[in-house]
Structure formats: structure tokens, C-alpha cells
Ligand SMILES: *Cc1c(COP(=O)(O)O)cnc(C)c1O
């Protein structure tokens, strides 16, 4: 069977809507188009019922009650609401926030904003495998610490954080724990009570739901308070005004239900494909390095550095495959990925990294195609590289002074 090109291997960036999810959503665009806030007629009641059912489906996936969810436009908004909302509400208790250097930009930039307002933020470093040491959290906590924000799993390297241990420490000190759980839910088991999280950010489009809909879990017992960031009609218990995206929320709910049903089998299948991709690439090519943890890692993630190859050039050579690179020009900044730098990976290797993200619709044929294509292109690019030639001749590159271009 012929492969359909380009192949999508960028499931950390987004995912296609699952056909089962789309089917569940469709009636809410047309026949059942009511506003969930309309209390006076059946159009509203139907929409409200659909939203409440979705709340339960989403809550179930994370061990929460549907009543503890606030719907948002996605995880960027959820992260903003969690951090700004908690910081503003609890500012009289303290002004210190702890997070990590490898959080998503929507956490880091929100923390930067809070610093401008006078909050103090500690950005914890991570180990070489991308994990935060729970003891580092303990050491950073002070009597002024109101909030700790640590992601469940990283979007670039897939590293899963020891959240349960971190939650224990945060609770001992009486602070709040927020987690950006976007990349982990539906792929690895996660329970808000198990990790003692107070606030958890979610989004639908990373788990085969639609884009533009997310949620923030806000613990009710003991009750966590937030300052609303969007004012208006008082929807979502006053925490997030605005007419609910009913079809989106229905899709989000269905996506969670499917994820919960299929998680164990699906994650095992995807991890096997990822291991196949990784081991075959490493067999085919010398000087391939894994970024992040080999063991505490999302099943669909392989972040690999191909030494002596520019990530940009490789990305271009791999135009039949949708992947992303930790190299500079994929983003607006000139720096290589801040996540890879936080692992202590040299700029050279950071520039040669490719993130493969496998998911629900990835096939073995696709993996084998991508392995062959990557191996061919890396070999070709290395043959054109003067650095590679020097390595082949046995020159110790570390002895060479790098030019300003590097
Ligand atoms: C994608 C992503 C986000 C942002 O989610 P949106 O719903 O696209 O705003 C936040 N955090 C992580 C870890 C992500 O991967």
C-alpha cells in the first residue's frame, strides 16, 4: 500500500480530530445549537446537558468531579488563569512562585508578567534527563511561597515529572500545586488527588479533540480560589465569562472518553513504534543522541540529536515528514530550544535535534519510511559537511576554536 505523504509525526504540536469525536460534535453545530446559559427553553437545556456530560467525561480522565472544571479557550488561557488568578487572589499570603526552566511558554511568560507586578519567581533547573528533583522544590520553598507550577510531561522531550513527590512537598508547606498536564493526560495515568494538585491545565487538541477549547481543574475540597481574568456574564462560576463553545466542549469530552478507554493499549502500541524508530535510527547511524529521559518519557516522544548535521537543513531534507526541530529558525528567536539548553546539551547538539511525535494514527509503515528517509538524509548531509570530514579523518573537534558563526 502506498504511503500518503507528507507523514504527520508532530503529535506534540496538535492532533487530528478523531472521527468519533467529530461525530459527537456535529449535532451541536446545527440542530442542537443552543446557548448553554439559556435557562428558558429546551435549546439551552439540551446544550447545558451536553456540557455537563462532557464535564463528567473530562473529570473522569483526571479523577476529578466535573464541577471542578472551568472551560477555557485552551491550555494557554488555563495556564494564565491558574497562575495569574492564584497569584492575585493569594497575594496577601506571599509573593513567591516556583516553576521550572522547561515549562511551556504560556507558563514562563505568565511568570515573567507576574515578576513585573512584583512577584518573585524561582525557575528551577532540571537534571540532564529533564526531571526536576523534588528536593530542589523543597529547597526553593519559603514561607512566602504561594504556588508551585510543574508540568506533567514536557512537550519537547516528553520527560515525565515526579509530580507525586513534588505534590507531597508542596502540601507539607501549605502552598498550591499547579500542573500543566496537557501532554500527559490520555497517554499516561494521571489523577489530581494522587499528585495532590490544586490546579491542572488541559486542552482538547493534543488528545484528538478540537482546537480552541481547554479547561482548568480547580480543586473544591479544600477550595481553591482564583481571581477571574475575563469578566462578563459570570459563566463558569464567575471564573471565566463568555458563552461556552458547546460543540468544542462536547468534542473535548468525547476525546477524554476515548482516551480513557484506549489509553493502556494505545500507549503500549505507540511506545513500541517509538522504540522501533529510535533503535533503528541508532543502528543505522553513528552519533545519534537521545534528548531527555529514556525511561520517564511519554510513549510517543523521540527527541534525537544527529551530530554534525544542521537541524534546519535536516528539517528541509525531511519535507515529506512533519516533524519539528529544537534548532533556531523554527521559532522567532535565534536561540536553540531553551528546553534542550536547560538539559545542559551543548549548542552544537541542540541545533541538530529533531522531535518525532508519534500518535494514534501512526503506522509501522510510516515509522519504517521515516527511519529510512532520515538515515539517508543524515548520511547525505554529513557527507557534505566539512566537520564530518574532519571527524572521519580523526580530528578532535574539541581542539578547534569555533568561529563566531557557531
Ligand atoms: C500545546 C501546549 C500548551 C498550549 O495549549 P493551547 O491549547 O494550544 O493553548 C500548553 N502547554 C503544553 C505543555 C503544551 O504542549
Point to revise | the range 199-212, residues that are more than 8 Å from the ligand (Cβ to nearest atom) and either in a loop (DSSP other than H, G, I, E, B) or under 15 Å from the mean Cα position of the chain (by Cα) (or both) | key: 200, 202, 207, 208, 209, 210
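Is it the case that the range 111-126 has a residue that's within 18 Å of residue 12 (Cβ to Cβ) and either touching a residue at least 24 places away in the same chain (Cβ under 8 Å) or in a strand (DSSP E or B) (or both)?
Yes - at least one qualifying residue is present in the range 111-126.
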Check your understanding: Can residue 252 be described as surrounded by 14 or more Cβ atoms within 10 Å (Cβ to Cβ), touching a residue at least 60 places away in the same chain (Cβ under 8 Å), in contact with a strand residue (DSSP E or B) (Cβ under 9 Å, 6 or more places away or on another chain) and under 30 Å from residue 26 (Cβ atoms)?
Key -> yes
Check your understanding: Just one of the numbered conditions (1) touching a strand residue (DSSP E or B) at 6+ places or on another chain (Cβ under 9 Å); (2) crowded, with 19+ Cβ neighbours inside 10 Å is not true of residue 125; which one?
Key -> (2)
Review point. Based on what the data block shows, is residue 228 touching a helix residue (DSSP H, G or I) at 6+ places or on another chain (Cβ under 7 Å) and more than 16 Å from the ligand (Cβ to nearest atom)?
Key: yes
Study note, to complete from the structure: In the set 293, 267, the lone residue that is surrounded by 16 or more Cβ atoms within 10 Å (Cβ to Cβ) and assigned to a loop (DSSP other than H, G, I, E, B) is 293
Check your understanding: Is it true that some residue in the range 324-341 is within 16 Å of residue 11 (Cβ to Cβ) and in contact (Cβ under 8 Å) with a residue 60 or more places away in the chain?
Key -> yes
**Study point:** Condition broken by residue 178, with the remaining ones in (1) away from the ligand (no atom under 16 Å from the Cβ); (2) farther than 14 Å from residue 58 by Cα satisfied
**Key:** (1)
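Values quoted throughout were computed directly from the atomic coordinates according to the rules given, and no laboratory measurement underlies them. Since this is a predicted model, take the numbers as computed values, not measurements. Positions of Cβ are backbone-derived with ideal geometry, glycine not excepted, and every protein chain shown enters the neighbour counts.
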